[in-house]
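A short write-up of the structure that comes next.
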Amino acid sequence: MPEVPEIVMLHGGSAKAAAAADARIMIVDDNRINLHLLTAILERNGLSRFEFAQDGREALTKLAKFDPDLILLDLMMPDLDGFEVCRRMRLDPRYAELPILVQSSLNRPEDRARAFAAGATDYVSKPINAAELMARIRIHLQNRFLIRRLRDYRHHTERELAMARQMQEQLMPQAAQLLSLEADLGIRVGAQFAPTSELGGDSWDLRRDGRGRLLVWLIDFSGHGVGAALNVFRLHAILKSIGLDDFDPAAFLETINRRLCTLLQTGQFATMLAGVVDPERDRFLYASAGSTRPMVWAPGATLPTLGDSRGLPAGIFSGASYENRSLPLPAGGSLFLYSDAAIELPVDDGVLDDEGLAGLVGECIDEPDCRTLLERVLGKLAKLGSFEDDLTAVVLQRLR
Amino acid sequence: MIPNIRPSIQRANIGADLRLPIHDCDILVVEDVPWNRHLIGTILTGAGFTRVRYANDGQDALDAVAVAIPDLVVLDIMMPRMDGFEVCRHLRAAPETAELPILIQTALTSTDDRNQAFQVGSTDLVVKPLDQAELIARVRIHLENHVLIRDLQLFRARLEGELEVARTIYQDLLPGADLIAGLQASHGVVIRSQSRDRNELGGRLWGVKAQGPERLSVYLLDIPGRSISAALNACQLHTLIGDLLEPSRSPGSLLTELNGRACRLEALGDIAFVAIGTIEPANGRFTYATAGDCRPIVIHADHDIPVVGETANTPFGVVATTQYEDHGLSFGPGATLLLGTPSSELTSLLTAAIAGVNGPARADAVAGVIAETCGGKRSTIQFDRADHRAGSDPTADARTNGA
């Protein structure tokens, strides 16, 4: 019987070693002496949770109940050999990634190749070199436990993010609301909300003011991800409580700006556009805190008109004042708002820019339904590259 | 020279089906014999690997790794200048290559040599003459693991980065040490916040604000649930409370208004515990309104039994028209006030903790029992009347002020 050495600590921390110690090992061999020898080596090296099988069929039967972390598998066995055990296990998603360490007295290259082709993870030849066997087992177990931990983290975090993402989507107008708006006001709305991460620093909303007019705002917080989303939720709480009886865009932005100055940390800010559709004057009245330039077009136009959007981003200087501006928005006309991710896509020798985006909109401007138009514009944008920041885009169309 | 390769019966099948995207992994082949180098390269490129680099000896290999860390190294042992064992040791000693898959290929077949290869940190070992199918199978297995682990680690790194930013924003909502020290000086109240997971996102927030020289507004929010969504909701409520904290508003009317506004927030789904109160040290009063199991607890200087306050039966954030009432507790010199959730479990623990402990030590005993038993699960804010601490004889103090 060969000498059984103590386990060699490979690279890797003690946490890994601890995880490996309660690993569950299934040993499959038709030779009792081999079973004892392998068990002795493993026990000597701190492993203690074993299951045994003396042929392939028994191994497959015991798999589900024992749920091993690694299998030591002999090849030549009665009643289902090791090759077949490998193949069958790899067909089962539960065991597709389970480390299978083949230990065999077959040592021709063809046998080894066949074992790998059948799905073996590793192969050692008999007589067993205990140190090498343990080194290999340890490497496979470390990988398995590391992958399991990382997967658990990912699974857990993704579930949390999915729930938070759902909450964030609820802050924005829902499909049913858009439909009733179209029926009530004759204004059709298409929208896209696509954060780069699961959560984002963009938001938009629609409201009615005390005079029944439709208000729209689009906001883009600095940064992205969970942190930016925290700020979106804080602002949402304010926006929900704010009075909107006789909406004045500039005064509204001044209020929001003052609040954001007390809420945001130094270095954080938000760009925002807030406006109101005024059907009596056929205009879109708005104010901008450093937002992108709004676009409008009337039926039959070949290019959208870009509005002025100069203004200090909100959350920087509490005394900032904002200017009311307006753009023509006659019956049948459309309004397009978007976050800056849409104009920061790379083109030949720079970024797309608002003029470039207006050109893309121009290519789809004959599209009668604004929702389809938005889809087509987004399709064109997607061809230019992937967005580096959260993308939000809203299009409003006056049907009457 | 005899080619170090044998044809394999499974050649056609192996490498044809690469499940994970590992074709474009960067593989460094370290081998001093040109023919062997060429051979290994041919096997790998023939199997579909598109990025294979070469190094002629150990030193060359370390230089190549310094330029860019490969995804896998195929490493010979016997080489001039620096052998493969030494390369392995170097790579394992550096954190950025500690987990890099290293596949040693060697003509050395003694048990000692094999063991040494693993001792210096090799991931795997194949013996020359190389079998093409086995080499490809092993390279593929290690690369698949490597790519999988790398993707999972990238996800974790991205999220940890995002959460770190979110934590700083979240922490910024909590009262800072300066504010707390200032209130102790101006209002004579020592404030301690007990929460073991201070650096985690979650649904727990609290705040304190001076309302003139005589009064302190205090509040505590606790939204159970998963950390990110709970934090998003707590941020909303925190913002609303910030809007509503005015000197003229009583805790009950504030909580009533807060509840009305919270009911209008679409996303607020979880049940929230809220405590809002006004401390008036000069009058020895604490006026409060609460929703959920966060009854305030007052420990008086001269009593061994904590006094537990009231809470509303109506849950928070469910019915917009719910009215919350003001309640009162006396908060005399030497008293300690606790706001925490869930408060029901705290009382018996506190009773045991303060038995026989008097004077300034009592507040510390309370802080101790909270830190010990409740830290990780909940958030508790402790307010101690600082004026007690001036008195040298707690019983005399209690008698004087109790009159």
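The values are calculated or read from the model by the stated rules, or taken from the named source; none is laboratory data. All values derive from a computational prediction rather than experimental measurement. Counting neighbours? That spans all protein chains shown, and the Cβs are built from the backbone with ideal geometry, glycine included. Remember, those area values only see protein heavy atoms, side chains included, never the ligands or the DNA or RNA. Shrake-Rupley method; radii C 1.70, N 1.55, O 1.52, S 1.80 Å.
Odds and ends about this structure:
- Applying the criterion of being crowded, with 17+ Cβ neighbours inside 10 Å and outside any helix (DSSP H, G or I) to the residues of the range B:222-236, the residue that is farthest from the other protein chains (Cβ to nearest Cβ) is B:D222.
- Residues of the range B:20-51 that turn out to be within 37 Å of the chain's Cα centre (by Cα), modelled with pLDDT of 95 or more and part of a loop (DSSP other than H, G, I, E, B), as a count: 1
- Any chance A:L215 is at pLDDT 95 or above and in contact with a helix residue (DSSP H, G or I) (Cβ under 9 Å, 6 or more places away or on another chain): yes
- Residue match in the range B:61-75 (condition: over 24 Å from B:H23 (Cα atoms) and either part of a helix (DSSP H, G or I) or assigned by TED's automatic domain parsing to the domain that holds B:R37 (or both)): no
- Per-region count, the range A:370-400, residues open to solvent by less than 30 Å² (accessible area, probe 1.4 Å) and outside any helix (DSSP H, G or I): 10
- Of the helices (runs of 4 or more DSSP H) lying entirely inside the range A:61-174, the ones with 3 or more residues being at pLDDT below 95 and at the interface with chain B (Cβ under 10 Å from one of its Cβ atoms) are found at A:109-118, A:130-170.
- Some residue of the range A:279-291 being acidic (D, E), under 35 Å from the mean Cα position of the chain (by Cα) and in a loop (DSSP other than H, G, I, E, B): no
- Screening the candidates A:L218, A:L253 for the property of being of a type outside the set (F, W, Y) and either within 14 Å of another protein chain (Cβ to nearest Cβ) or outside any helix (DSSP H, G or I) (or both) yields one hit, A:L218.
- If you go through the range A:228-250 and pick out every residue that is outside any loop (DSSP other than H, G, I, E, B) and either in contact (Cβ under 8 Å) with a residue 24 or more places away in the chain or surrounded by fewer than 19 Cβ atoms within 10 Å (Cβ to Cβ) (or both), you end up with 14.
- Test: residue in the range A:262-269 that is among the polar types (S, T, N, Q), closer than 22 Å to B:L258 by Cα and within 14 Å of chain B (Cβ to nearest Cβ): yes
- Scanning the range A:82-120 for residues that are touching a Ser or Thr at 6+ places or on another chain (Cβ under 8 Å) and open to solvent by 50 Å² or more (accessible area, probe 1.4 Å) yields a total of 3.
- Strands (runs of 3 or more DSSP E) fully within the range B:98-196 that include at least 1 residues being more than 9 Å from chain A (Cβ to nearest Cβ) and open to solvent by 40 Å² or more (accessible area, probe 1.4 Å): B:124-127, B:189-194.
- Flag if A:A191 is farther than 26 Å from B:L245 by Cβ, out of contact with any Pro (no Cβ under 6 Å at 6 or more places or on another chain), modelled with pLDDT of 90 or more and part of a helix (DSSP H, G or I): no
- Those residues of the range B:52-73 which are closer than 18 Å to B:V147 by Cβ and more than 38 Å from the chain's Cα centre (by Cα), in sequence order: B:V52, B:R53
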